[in-house]
Amino acid sequence: RRRCERRLRELEAAKPLNQVSLPTLLRDRGMSRRTFLKWASATTALLFLPASFEKLVARAAAVMNRVPVIWVEYQDCAGNSEAILRADGPTIDELLLDVISLEYQETLMAPSGFQAEAQLEDAIQAFRGKYILIVEGSIPTEEGYGWNGPRGESFLQNIKRLSRDALAVIAVGSCASYGGIPAAYPNPTKAVGVWDIVKGKPIVNIPACPMNPANLVGVVLHYVLTGTLPELDYLLRPKFAFGYRIHDNCERRAHFDAGEYVEQWGDEGARNNFCLYKMGCKGPMTFNNCSIIRYNDGTNWPIGVGRGCIG
């Protein structure tokens, strides 16, 4: 706690990227103090911090807009951009336009062509060594695949150049993390994940297809609170999100323990929400927090609609 408080004092003493205070920000966005505190409580729980840290999380949100972010897309379906568009608590406008300093994101930004390229170069120069690079999509390494913008450089050249001056690199989604669908056999583009290309920089993988936006928020907030990236596992995933099995928190776990399974789609077991393990559910082997935070404002998740986890 003392380390977090010291870190926040340092950030609050630093020159801000913009001068908007949190109360002004909340008022301009039409967000009540009560709603904001509910978000702070939920985020504290997501990071597995004790309840006493809620005030620190709330204070951290006031300085999160000092973290510059450059977000690039390579071989992808834009599913993670779509996921972040549907983020809740904070919503997309609160997160990407107010909470962090989003300097470049091809799907959301207004400029295009040479204007977009100029925006990117300005961000690199202004925040050299300070920006977080978020990568969506796998990187093709086969010559002749994947070209980016007016500069005429390949995706491979692009990520090497952008990561060189980044503070850290966050790979969002399974494609950026490990190659994903583009890397499936026969992999004509020789697609790989970020960690196969970027060396000598802190890397965080947030896999899933798509990643849950709450996990990305948690990583950024952890950096703001402590000045360091969260503890990672051997696959470079944040342990607060990927430190336990889906199976252990599944609402159908009791049926697994009782030996009650869906044997075929539409049978009595399916109608009674029995365990989906025999139908190919990978929950016992998959580490993620889908079963806890769920999707769409906590509304549901795959197993909740009768479809097993695909890992």
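The values are calculated or read from the model by the stated rules, or taken from the named source; none is laboratory data. In this text the structure is predicted, and so the values were computed from the model without any measurement. Note that we place each Cβ from the backbone using ideal geometry, even for glycine, and neighbour counts take in every protein chain shown. When the accessible area is computed, the model is the full protein with side chains, heavy atoms only, and any ligands, DNA or RNA have been set aside. Shrake-Rupley method; radii C 1.70, N 1.55, O 1.52, S 1.80 Å.
Order 171-179, 215-223, 246-254 from most to least packed using the mean count of other Cβ atoms within 10 Å.
Ranked from most to least packed, the peptides come out as 171-179, 215-223, 246-254.
Note down the net charge around Ser177, summing +1 for each Lys or Arg and -1 for each Asp or Glu among other residues with Cβ under 13 Å from its Cβ.
So the environment of Ser177 carries a net charge of -3.
So if R0 is 30 Å, what FRET efficiency would Val305 and Asp196 give, r being the distance between their Cβ atoms, rounded to the nearest 0.05?
0.30
Using only Cα positions of the range 94-189, each an equal point scatterer, no hydration layer, compute I(q)/I(0) via Debye at q = 0.16, 0.19 Å⁻¹ and quote the log10 values to two decimals.
The Cα Debye sum returns log10 ratios of -0.75, -1.04.
Please give the contour-minus-distance gain from Met285 to Ala270: 0.36 nm per residue of separation, less the Cα-Cα distance, rounded to one decimal in nm.
3.3 nm
If I histogram all Cα-Cα distances within the range 246-305 using bins 10 Å wide from 0, what percent of pairs lands in each bin?
23, 54, 22, 0
What are the ³J(HN,Hα) couplings of the range 256-268, residue after residue, when phi is run through the Karplus curve with 6.51, -1.76, 1.60 and θ = phi - 60°? Round to Hz, x for glycine and proline.
4, 4, 8, x, 9, 10, 6, 9, 7, 4, x, 6, 4
If I model a spin label as a point 7 Å beyond the Cα along the Cα-Cβ vector, how far apart are those points for Tyr185 and Cys209 in nm?
Distance between label points: 1.6 nm.
Can you tell me the FRET efficiency between Glu260 and Thr228 if r is taken as the Cβ-Cβ distance and R0 is 51 Å, rounded to the nearest 0.05?
0.70
Given points 7 Å out from each Cα along the Cα-Cβ axis, report the Glu82 to Thr107 separation in nanometres with one decimal.
0.8 nm
Probe radius 1.4 Å, ligands and nucleic acids ignored: give me the carbon and sulfur share of the accessible area of the range 246-305 as a rounded percent.
Within the range 246-305, the accessible surface is 47 percent carbon and sulfur.
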